[in-house]
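What follows draws every value from the coordinates through simple rules; no lab data is involved. Source: prediction; values computed, not measured.
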């Protein structure tokens, strides 16, 4: 039986910033601080609800120059950055509710890893949207949908051993034209559900309800749903001095750094390239061969893993013979269940094989 947590003794904390447009570096730094505070200061779970300035944010393992038309971002005054959690590109702004949540992995609601985190916290958002008059369903790996149309994307990171960060964006309203103008959309991503137009794949709270929902109302329902689903209240909270200092350090050391924002680079020469759609997301492989061996491989995409695990996989594959049997054999020492969420070693080997074939097969 799950341990029962007393609301009186274990309230959560709420940091609310939905009444302003938060700069992208600040919003992301506050979210990264959440799990750190849980792990290092023994903070109870922290919920951060806010809205961004207009911004395009790529996932931890994406190549920002492949994902975004940076010249169009600059021309339209759209900030851009990289978050610390996996998943795909999100377009944020004053009509998109951003949510960060940090909690201990020892909490009984989250024991079971990333799959449990997604299922538990998707129930929270489903509960909130139901109160707003929108019936949504969870579509693995990480989307909330209304009749096949995406309304919210979920993301998570477990880079800290004892705590996790959960991210999501909830579309109250959305500028699809802006998204199509600033994003590089791979055909396999755009058409993977059989739609010829991306606007047919996205919906919003306002579109589904037929009226304009204030961000404050949506944030209130999300807070209430967290309290009901998790069984304890979330009290309004300011950041501690330690938390403010940590946020300031993260802004400077991470989100002001070119090396962070452009940290996942595609190889530009002798490159094989392949996409593979998997249950865990889109794998995008960049491959360089030396003879018949893998000289270098970069694994990117909108999947969920950890930086350390992706680095181990890429290192294990270096100088491996570029055939499927050798790839799988060299993955065995580092591979474990869910090392890349809902992606098998066989799927990864298939994607690498397709990148290899793009080099070897003459045009």
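Would you calculate the volume per residue, in Å³, of the smallest convex hull containing every Cα atom of region 272-360?
Working: hull volume 6.4 nm³, N = 89.
Normalising the Cα hull of region 272-360 by residue number yields 71 Å³.
Quick one: pull the percentage of alpha-carbon pairs in region 228-314 with a separation above 19 Å. Could the numbers behind the result be given before it?
On the way: 2346 of 3741 pairs.
So the portion of pairs separated by more than 19 Å is 63 percent.
Between helix 345-360 and the chain there is an angle of about 50 degrees, using the helix long axis and the longest principal axis of the Cα atoms. With 5 Å bins beginning at zero, the pair-distance distribution over Cα atoms of region 58-138 amounts to 3, 11, 16, 19, 19, 14, 12, 6, 2, 0 %.
Relative contact order of the chain, taken over Cα pairs closer than 8 Å and 6 or more residues apart, is 19 percent.
Please express the shape of region 6-64 as an equivalent ellipsoid: the semi-axes are the square roots of 5 times the eigenvalues of the C-alpha gyration tensor, given largest first in whole angstrom.
Details: eigenvalues 131, 48, 14 Å².
Three semi-axes, in Å: 26, 16, 8.
Over region 1-155, the hull volume per residue, using the convex hull of the C-alpha atoms, is 142 Å³. The shape of region 205-363 can be summarised by an equivalent ellipsoid whose semi-axes, obtained from the alpha carbon gyration tensor, come to 41, 21, 17 Å from longest to shortest. Considering only alpha-carbon pairs that sit under 8 angstrom and 6 or more positions apart, the relative contact order computed for region 250-354 is 24 percent. The C-alpha atoms of the chain define a longest principal axis, and helix 24-41 lies at about 80 degrees to it. Compute the long axis of helix 114-131 from its Cα atoms, compare it with the longest principal axis of the Cα atoms of the chain, and write down the angle in degrees, 0 to 90, nearest 10. So the helix axis and the longest Cα principal axis differ by about 50 degrees.
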